[in-house]
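K.L.:
Take this structure, written in structure tokens, and hold onto it; I'll ask about it next.
Values quoted throughout were computed directly from the atomic coordinates according to the rules given, and no laboratory measurement underlies them. Nothing here was measured: the structure is a model prediction, and the numbers come from that model. Using ideal geometry, Cβ is built from the backbone for each residue, glycine included, and neighbour counts are taken over all protein chains shown.
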């Protein structure tokens, strides 16, 4: 394990930011799993897609993973630690590479925790209400693996976005506005374009079959493309830009 | 180890932000073992120069080098150059020790150095606390600890005395003296000459991005235009002699005259030539701070 990578892992562990993000993730997933799990009418929970929607609430981990990625870069600019960071490692590509790797690892951990939590609560709700679990082993595997892999990619996407925007609040607002507003509008109005968005690619990746959504494999490729493009752009900008 | 090359070198270094030249054709070279004060009023371009020397900002033109190379090309730079640019470059929620540990990891520095530098700056008691609980002086010392982690040969410190109490300033002075005694090199910036006057061997004074003075501290002190106070029973004759020599003066009470921008030698010779008895002669130098302000005064628009 490279020392640069370990330095980035230490940055993640040594503040309370990560704890806050984990708590936020757990709270949101518990809430968004329990509400539909307990309150939806039984006919709304019987199809495969209904159940993917409920048991896949863990994909919200992607949001917190992206936030963690954003923080990993923007808090360095916000608090000025980017200066000592780049003084110690003037090869900025190495710094960004380590941030991408450490962020992705943290993201995968978020994905495992969030995915398991969402799945567990959803499954318990179905079982408790006596609703038959319809997903096959293959479909279940795709749901869980898609959550974990996607969440890892969201962290890389966040690192890239953070390096492009640099301003912490700006990057977070940008992420939320895109994920919750712009992409949904696009998908509703121009589905052929909207389905190429990262959030809808994540939906496709866990096997959701909503109309117009991509299949799982192209969905995975689209999400990889988003993460790669933002990470590359963010790295290029960080390498070229002066640090105040 | 001896370096033929200057340890720090700027050659026609220029940084423009739009139409404004923050640093404008700056050239200087620092030799090993010196302590240099990098002085100028706020906004003179000191920090921008240091950022270029340290590879954080790209020069618009010219060259900035440490140990003969661009900073970015140094191998394991924290083993050669230790630097702090802002006293606030810490995550407030991270402990001082973790801040140093993450830098030690990335800089390929042994973990034991973290505790050593904490002891050096006398922060071992507070190292486990989050930085947000630190005073400004403690943050300055943590920044210095970070700069010292790799046991560097060159220290570049931006306004390190800011926020230090008088005891802290003295501690820093003694520390830097001891550091440079081992043939190591120090560059410290300040906007207050007096703050570094007792620490540095030489000064670079810049104003509006340009070098105004590069000199040893001795020469700078010597360059201070002296006033000479003279007491003579025959001050009218002597005033006449001063006037003919083109020396400005003013008259004081009790047979005294003050001659400006001159030296004791010149005044003594004049008195001898004019056959004026001198009862008292004293040299009054303007303070270093007055020289500094004179050199960096903004032209009146």
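K.L.:
On full extension of the chain, what length is gained from residue B:79 through residue B:108, given 0.36 nm per residue of separation minus the C-alpha to C-alpha distance?
P.N.:
Between residue B:79 and residue B:108, full extension yields 9.6 nm more.
K.L.:
Using only DSSP helix segments of four residues or longer, with each worth -39500 (n - 2.57), what per-residue ellipticity at 222 nm results for chain A after dividing by its residue count and rounding to 500?
P.N.:
For chain A, the value works out to -25500 deg cm²/dmol.
K.L.:
Which percentage, to the nearest 5, of the DSSP beta bridges contained in chain B is antiparallel?
P.N.:
65
K.L.:
Then there's this: Output the 0 to 90 degree angle, nearest 10, between the alpha-carbon long axis of helix A:61-79 and the longest principal axis computed from the alpha carbons of chain A.
P.N.:
20
K.L.:
Quote to one decimal, in nm, the extra length available between residue B:212 and residue B:260 on full extension: 0.36 nm per residue of separation minus the C-alpha distance between them.
P.N.:
Fully extending the segment from residue B:212 to residue B:260 adds 15.0 nm.
K.L.:
Under a point spin-label approximation (7 Å from Cα along Cα-to-Cβ), what is the residue A:16-residue A:233 distance to one decimal in nm?
P.N.:
It works out to 3.5 nm between the two label points.
K.L.:
Roughly what % antiparallel, to the nearest 5, for the DSSP beta bridges in the protein assembly as shown?
P.N.:
65
K.L.:
From Cα pairs below 8 angstrom and at least 6 apart in sequence, can you work out the relative contact order of region A:138-244, rounded to a whole percent?
P.N.:
Computed over region A:138-244, the figure is 37 percent.
K.L.:
Right, next: Please compute the modelled spin-label separation between residue A:31 and residue B:58, points set 7 Å along Cα→Cβ, answer in nm with one decimal.
P.N.:
4.5
K.L.:
Between the helical axis of B:264-273 and the dominant principal axis of chain B, each derived from Cα atoms, what acute angle in degrees is found, rounded to the nearest 10?
P.N.:
10
K.L.:
Continuing with the same structure: Could you state the angle between the C-alpha long axis of helix B:96-106 and the longest principal axis of the C-alpha atoms of chain B, as a value from 0 to 90 degrees rounded to the nearest 10?
P.N.:
Long axis of B:96-106 versus the principal axis of chain B: about 70 degrees.
K.L.:
Need one number for region B:98-154: average projected area of the convex hull over its C-alpha atoms, nm².
P.N.:
Approximately 3.8 nm², given one-decimal rounding.
K.L.:
Right, next: Per residue Cα convex hull volume for the protein assembly as shown, in cubic angstrom?
P.N.:
201
K.L.:
Which of rounded, prolate or oblate describes region A:105-156 when judged by the alpha-carbon gyration tensor and an a/c cut-off of 1.5?
P.N.:
Oblate, since a/c reaches 1.5 and b/c is not below a/b.
K.L.:
Roughly how many whole Å is it from the C-alpha centroid of region B:211-261 to that of region B:28-95?
P.N.:
Each part reduced to its Cα centre gives a spacing of 41 Å.
K.L.:
Please say if region A:20-130 is rounded, prolate or oblate, where rounded means a/c under 1.5 for a ≥ b ≥ c the square roots of the C-alpha gyration tensor eigenvalues, and otherwise the choice is prolate for a/b larger than b/c and oblate otherwise?
P.N.:
The shape class here is prolate.
K.L.:
Here's a follow-up. On average, how much area does the Cα convex hull of region B:173-242 cover when viewed from any direction, in nm²?
P.N.:
Approximately 7.9 nm², given one-decimal rounding.
K.L.:
Which values of log₁₀ I(q)/I(0), to two decimal places, follow from the Debye formula for chain B at q = 0.11 Å⁻¹ with a uniform point scatterer at every Cα?
P.N.:
Evaluating at q = 0.11 Å⁻¹ gives log10 I(q)/I(0) of -0.74.
K.L.:
Okay, next question. Please work out the Cα center distance from region B:116-178 to region A:214-235, rounded to the nearest Å.
P.N.:
45
K.L.:
Return the FRET efficiency for the residue pair residue A:49, residue A:241: r is the Cβ-Cβ distance, R0 is 56 Å, and the value is rounded to the nearest 0.05.
P.N.:
FRET efficiency, residue A:49 to residue A:241: 0.80.
K.L.:
Okay, moving on. Considering all projection directions equally, how large on average is the shadow of the alpha-carbon convex hull of region A:162-244, in square nanometres?
P.N.:
5.8
K.L.:
Related question: Explain nothing, just the number: relative contact order of region A:80-195, from Cα pairs under 8 Å at least 6 residues apart, as a whole percent.
P.N.:
Once divided by the residue count of region A:80-195, the mean separation gives 28 percent.
K.L.:
Over the alpha carbons of region A:2-240, what is the largest minus smallest coordinate on each principal axis, giving the biggest first in Å?
P.N.:
So the extents along the principal axes, rounded to whole Å, are 60, 37, 29.
K.L.:
Suppose each label sits 7 Å from its Cα in the direction of the beta carbon; what would the residue B:240-residue B:16 distance come out to in nanometres?
P.N.:
6.1
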